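The values are calculated or read from the model by the stated rules, or taken from the named source; none is laboratory data. Please read all numbers here as calculations on a predicted model, not as lab measurements. For neighbour counting, all protein chains shown are included, and Cβ atoms are generated from backbone atoms with ideal geometry for every residue, glycine included.
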Amino acid sequence: MIPTLEWLPNGVNFLDQTKLPLEETYVLAKNYNEVATVIRDMIVRGAPAIGVAGAMGVALGIQSSTAKDIPALNAEVAVICDTLATTRPTAVNLFWAIGRIRDLYNSLAAAKTPIPQIKSAVVAEARRMYDEDIAACKAMGAFGAELLPKQGTVLTHCNAGALATCGYGTALGVIRAAVERGHQIDVLADETRPYLQGARLTAWELMHDNIPTTVLCDNMSAHLMSKGRIQAVIVGADRIAANGDVANKIGTYGVAILAKEHGIPFYVAAPWSTLDLNTPTGAGIPIEQRSAREVTHSNGKQMTPNGVGIENPAFDVTPAKYIAAIITERGILRAPYAESISVMSAQPAHTSA
Ligand code: MRU
């Protein structure tokens, strides 16, 4: 399994995704501020991985605190959580994960638990979230595999794989599970401008697993769909509103419209921690705007004239009407999503397939 991130005795170790596929190097974050930098700079990225990184960042901050009493520690925990929560705005997994560690901390602090015990409990909880994330990916794979063709080509956008999670992946986890069950699948990976998660990361990790993979530029899928070359599309998600609208990497919305036009099923795979039941529709999902330089430059080389206007929204929202199914670790959601999400949210977490 590709070690996307790992809790170590001296910090959290991250595979540096900005260097892939050419270099396999690691960055050790020794304190919560360094974890925040790793998330902001996309050394780790992908909603579930960002979530667990945030949880480990809070745990690391609490563990290394020198506060002598609970009021002093309370003040530090507030700063730690705020610092990590201001790194990236769209993936709701980050806020869910920080909230889970913070809730645990608050209940232990309210019960006047000794500080050393609080420290070990929050570290254990963050590490549990790591294991749960992998289990959720495996369950999504088991539920979703049969949706993919027995033989055919599946398009994916961005990277929703082992690199975007603690291991196995969401959309790529479903592809892996289908391949493990004997499906003959060729993967088409959109290059995913401007950050090239498809060209650099999806291609790298699928080749690692010997799954046949072809990279295409983002403007090529319509042509291939029109030629009957794509049988299904599967992507991940950064936030799913209560009505089933899905925020995912910029470009996903266009792919979903194209899939609908060509009668190709468009699937989303995401853990339950990506659902944001407090946001009624996709219109309420905050969209991260990233730096102009990601668009103006490629590999350090300027590609646009000085002073030209630049847009760089990192995500877009795919309306629920384009989505054939949402695969979660609790089961498969179908339209009408407001209803199916509400019914499934009453079920316990991590139902195995
Ligand atoms: O900007 P990124 O690389 O963090 O965006 C990642 C995506 O959009 C993924 O598709 C999404 O987080 C799902 S990952 C399982």
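Just to be sure, is residue 230 in contact with a strand residue (DSSP E or B) (Cβ under 6 Å, 6 or more places away or on another chain) and over 18 Å from residue 161 (Cβ atoms)? Here the answer is yes, as residue 230 does meet what is asked. So, in the stretch 263-284, how many residues would count as being crowded, with 16+ Cβ neighbours inside 10 Å and out of contact with any Ser or Thr (no Cβ under 6 Å at 6 or more places or on another chain)? Of the residues in the stretch 263-284, 12 are crowded, with 16+ Cβ neighbours inside 10 Å and out of contact with any Ser or Thr (no Cβ under 6 Å at 6 or more places or on another chain).
Picking from 185, 211, 250, 257, which residue would you name as being away from the ligand (no atom under 16 Å from the Cβ), in the same structural domain as residue 161 (by TED's automatic domain parsing), among the β-branched types (Val, Ile, Thr) and in contact (Cβ under 8 Å) with a residue 40 or more places away in the chain? Break it down into steps so the answer makes sense when it comes.
On the way: 185 fails: in contact (Cβ under 8 Å) with a residue 40 or more places away in the chain; 211 fails: in contact (Cβ under 8 Å) with a residue 40 or more places away in the chain; 250 fails: away from the ligand (no atom under 16 Å from the Cβ).
Checking each option against the conditions leaves just 257.
Looking across the stretch 71-108, the residues that are buried (at least 18 other Cβ atoms within 10 Å of the Cβ) and over 27 Å from the mean Cα position of the chain (by Cα) come down to 73, 108.
A quick yes/no check of all residues on (1) part of a loop (DSSP other than H, G, I, E, B); (2) in contact with a Cys (Cβ under 8 Å, 6 or more places away or on another chain); (3) modelled with pLDDT of 95 or more; (4) of a type outside the set (A, V, I, L, M):
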| position | (1), (2), (3), (4) |
| --- | --- |
| 7 | no, no, yes, yes |
| 33 | no, no, yes, yes |
| 38 | no, no, yes, no |
| 42 | yes, no, yes, no |
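Within the stretch 260-278, if we keep just the residues that are in a loop (DSSP other than H, G, I, E, B) and within 16 Å of the ligand (Cβ to nearest atom), the residue that is farthest from residue 318 (Cα to Cα) turns out to be 271. Taking the conditions (1) within 14 Å of the ligand (Cβ to nearest atom); (2) crowded, with 24+ Cβ neighbours inside 10 Å in turn, residue 134 satisfies each one other than (2).
Number of residues in the stretch 84-105 that are touching an Asp or Glu at 6+ places or on another chain (Cβ under 7 Å) and either at pLDDT below 95 or among the small types (Gly, Ala, Ser) (or both) equals 1.
Residues in the stretch 28-55 that are surrounded by 20 or more Cβ atoms within 10 Å (Cβ to Cβ), free of Cβ contacts under 8 Å to residues at least 60 places away in the same chain and within 16 Å of the ligand (Cβ to nearest atom): 35, 36, 38, 39, 43, 44, 50, 53, 54. The single condition among (1) closer than 30 Å to residue 183 by Cβ; (2) out of contact with any Lys or Arg (no Cβ under 9 Å at 6 or more places or on another chain) that residue 108 does not satisfy is (1). Scanning the stretch 167-176 turns up one or more residues that are within 14 Å of the ligand (Cβ to nearest atom), farther than 23 Å from residue 316 by Cα and among the basic types (Lys, Arg).
At least 3 residues that are touching a Phe, Trp or Tyr at 6+ places or on another chain (Cβ under 6 Å) in each: list the strands (runs of 3 or more DSSP E) lying fully within the stretch 287-335 that qualify.
It comes to 325-328.
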